[in-house]
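Just so it is clear, none of the values below were taken in a lab; they were calculated from the coordinates. Only a predicted model underlies this, so the values are computations on that prediction, with no experimental measurement involved. Glycine also receives a Cβ, built like all others from the backbone with ideal geometry; neighbour counts cover every protein chain displayed.
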Amino acid sequence: MNNLQIITTETLERITNKRSGETKFFEHAKYISNSSDLTSMLADSEVKFVIFGIKEDIGVLANNGQPGAKDTWEVALKSLLNLQSNQFTNPYNVLILGHLDFRDLYDALSTVKSDQLQHTYRTCVEKIDQCVTQLVSTIVKAGKTPILIGGGHNNAYGAIKGSSLALNTKINALNFDAHTDLRALEGRHSGNGFSYAIEEGYLDRYYIFGMHENYTSKEILKYIEASKSSIKFNTFEDLIVRKKSSFKTASKIAMGFISNSKFGIEIDCDAIQNVPSSAQTPSGFSVNQTRCFVHYFGNHPNATYLHICEATTGNENSNAQTGKLLSYLMTDFMNAQKKP
């Protein structure tokens, strides 16, 4: 599998901590020894969830955004692996795969002239798309549920396309986001993953939950209006500021739109108040609202994947908080999918 770096014993020893009288998540989670025959290993495994990271922020740079999402996987992984292993976290049905690594692309970017960077970024995103698509398709085809962590929101495209190819049908998507990511088909970046997925026939119905009115252009609103049979949204202002609908009611409406077939759950950390991200916001959903959202939609049998993106790294304290947030969301999703 191209660009896949599996979890090594050295990595586990470096980021995990044992404690007397306790058993941690990493001690019961599953790993693979090599990636040469991932398809057959997944087919033979009884795990339900396959977690992997995406170490890139090139898609964000290609969209003129702030970098920092490249290393989020590492802080999320450290937090997840050091959770308690118990009947609530249930690591026995979890495979921690590793991460998609793009050091080769970053090395090549170091020699690119500044006036060529944006074009080169967008060319690089196409290569990242191929890797994400291939890995997600392999996981979904094996009957497993992928959880994608880190990187820019450009990776929604690979998650959608990979799922669609594996299932041999279009899928739906639910995007918990301040932005629509429906920008023009101008070359791949973090702001047009859904545009390309629609254009290329992988995405059917698309719901944007909590869109910020101040950051949505007239052109995109016109595009949504012209596509209202397949694209719907609510705004953060209607939900939280004007209180036209409760969070619970709005969630039910969104569920009714996207749950008719398999769907992906997209969590852009730009939507969560004060979380370090590529477009950090002082006004957004709370962490607890986000957790409830993931649980509610993750509980549906058609929930096909979870993708958490755009969180960025910073100082040691903020990294620890970000890691905790992402591990909460991962375990909320996995717990929601437990059979009664």
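Computed quantities for the displayed model
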quantity	calculated
Residue with peak Gaussian network fluctuation, the chain [Cα springs, cutoff 10 Å], from 251, 36, 79	36
Given (1) 32, 28, 15; (2) 28, 24, 20; (3) 33, 22, 18, the label whose value is semi-axes √(5λ) of the Cα gyration tensor in Å derived from this model	(2)
DSSP-defined antiparallel bridges as percent of all bridges, region 216-340, nearest 5	10
With at most 15 other Cβ atoms within 10 Å, longest stretch of the chain clear of loop GluC sites (Glu not before Pro) (DSSP)	201-340
Trypsin sites (Lys or Arg not before Pro) within region 243-340, DSSP loop, no more than 15 other Cβ atoms inside 10 Å	243, 244, 338
Loop-located trypsin sites (Lys or Arg not before Pro) in region 180-231 whose Cβ has at most 12 other Cβ within 10 Å (DSSP)	228
Antiparallel DSSP beta bridges within the chain, as percent of all bridges there, nearest 5	10
The chain - mean residue ellipticity at 222 nm from DSSP helices (-39,500 (n - 2.57) per run, n ≥ 4, rounded to 500)	-12000 deg cm²/dmol
Sequence-separation-based contact order of region 4-336, relative, with Cα cut under 8 Å and 6+ spacing, percent	20
Whole-Å distance, taken between Cα centres, linking region 124-171 and region 46-83	14
Under the span-like rule (Cα at least 20 Å along the axis, Kyte-Doolittle mean at least -0.5), DSSP H helices of the chain	117-141, 316-336
Global form of region 1-81, assessed from the alpha-carbon gyration tensor, a/c cut-off 1.5	oblate
